[in-house]
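Enquirer: Below are the structure tokens for one structure; questions will follow.
The values are calculated or read from the model by the stated rules, or taken from the named source; none is laboratory data. A quick note: this is a predicted structure, and the numbers were derived from the prediction, not measured. Ideal geometry is used to build each Cβ from the backbone, glycine not excepted, and the neighbour counts take in all protein chains shown.
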Amino acid sequence: MSAARPTLHVLTSAVLELEAFVNEDGWDQPPRLFALALARDLIEREPDLAEAMGLGPQLAESQELIPVEQEWAPDDTGVDDALAHIAWPEEVVGVAIALERILLPPEAEADLDDDGELSSLVDQAMGHPAKREVRIAVAVMRDGRETSAIRLRENDADDEVLTGQNLVPGMIDALAATLS
């Protein structure tokens, strides 16, 4: 086992940190994309950025992951298609995204009138009484490790954020593809 590989605990901490950072700006936000860098590498390669971020010399040997938000706006084709055009340099050890979604239970999805228009489906989902609004933060590392955090709008508290692996397989795959 290489000493340079962060542990899953470090990855979980990073995804929770970036979700809390996004949460500071409230709800109804566009998707936000983050590069993940090892603190020690960031301090070595980008000392001015590290200083601006408040990363001190105590992190020079750290395995801590630092989320660095990217200027990014997915186009009208959607998040998955926008991610398909992104590639990261080797210095980026992982990538993360925070985005909001509407979840419906399977029985509620059966109630939707699928007339082929996405805007119609969105309107129906938004008006459905069983809908749940969530913010999902997903992080993926180059070595394949991943984790997600989910915040329910109805339980908007830091201690109510759920974490786990393989919670959003499609988004995990889309992010992993940006790293290959």
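Enquirer: Report, ordered by the first and then the second residue, all pairs with beta carbons closer than 6 Å, sequence separation of six or more or different chains, a first member in the range 42-58 that is in contact (Cβ under 8 Å) with a residue 24 or more places away in the chain and surrounded by 11 or more Cβ atoms within 10 Å (Cβ to Cβ), and a second member that is small (Gly, Ala, Ser) and part of a helix (DSSP H, G or I).
Expert: Listed pairs, sorted by first residue: 42/50.
Enquirer: Could I ask something else about it? Pick from the range 117-168 the residues that are part of a strand (DSSP E or B) and among the small types (Gly, Ala, Ser): which of them is modelled with the lowest pLDDT?
Expert: Filtering first and then ranking leaves 164.
Enquirer: To continue, here is another question. Output the number of residues of the range 81-110 satisfying the condition of being touching a residue at least 24 places away in the same chain (Cβ under 8 Å) and under 24 Å from residue 11 (Cα atoms).
Expert: 16
Enquirer: If you scan the range 169-180, which residues turn out to be assigned to a helix (DSSP H, G or I) and free of Cβ contacts under 8 Å to residues at least 12 places away in the same chain? Steps first, answer last, please.
Expert: In the first step, residues of the range 169-180 are kept if they are assigned to a helix (DSSP H, G or I); the result is 169-179.
Answer for the range 169-180, where residues must be assigned to a helix (DSSP H, G or I) and free of Cβ contacts under 8 Å to residues at least 12 places away in the same chain: 169, 173.
Enquirer: Continuing with this model, one more query. Looking at (1) at pLDDT 90 or above; (2) closer than 25 Å to residue 144 by Cα; (3) in a loop (DSSP other than H, G, I, E, B), find the lone condition where residue 25 falls short.
Expert: With (1) at pLDDT 90 or above; (2) closer than 25 Å to residue 144 by Cα; (3) in a loop (DSSP other than H, G, I, E, B) applied to residue 25, the lone miss is (2).
Condition check ((1) buried (at least 18 other Cβ atoms within 10 Å of the Cβ); (2) more than 15 Å from the chain's Cα centre (by Cα)) across all residues:
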| position | (1), (2) |
| --- | --- |
| 145 | no, no |
| 151 | yes, no |
| 154 | no, yes |
| 161 | yes, no |
| 164 | no, no |
| 174 | yes, no |
